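Shown next, in structure tokens, is the structure this report addresses.
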Amino acid sequence: MNETGGGLLRRTARRVRRRFDRHGTSIRRLEAELREERERVTRLEAELDELRRDSLRVAELVDFVERSLTPGGAD
């Protein structure tokens with residue numbers, strides 16, 4: 001019988017988990033660490049997006065001020 005991709009993945013994951021558990025490595029601990037790091041990356045990406053928006057606002061303000069202060073540049 002042909003196994004679905006999800007079934008095969010679950011079976012393989014169980015085998016890997018058992019093998020690592022036999023060697024004393026805690027898969028749950030590693031999964032928790034990975035989850036924490038993913039959350040941290042998500043927070044850092046959100047912070048980076050905010051900094052990019054702020055930088056764009058500053059650049060727009062600088063352009064506005066330069067146009068305003070340039071003789072003949074005021075609209």
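Summary table
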{"quantity": "Within the stretch 24-72, considering residues that are of a type in the set (Val, Ile, Thr) and more than 11 Å from the chain's Cα centre (by Cα), the one farthest from residue 12 (Cα to Cα)", "calculated": "70"}
{"quantity": "Residue within the stretch 41-57 that is of a type in the set (A, V, I, L, M, F, W, C), at pLDDT below 95, out of contact with any Ser or Thr (no Cβ under 9 Å at 6 or more places or on another chain) and surrounded by 10 or more Cβ atoms within 10 Å (Cβ to Cβ) present", "calculated": "no"}
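The values are calculated or read from the model by the stated rules, or taken from the named source; none is laboratory data. Keep in mind it's a predicted model, so treat the numbers as computed, not measured. Here Cβ is always computed from backbone atoms with ideal geometry, including for glycine, and neighbour counts include all displayed protein chains.
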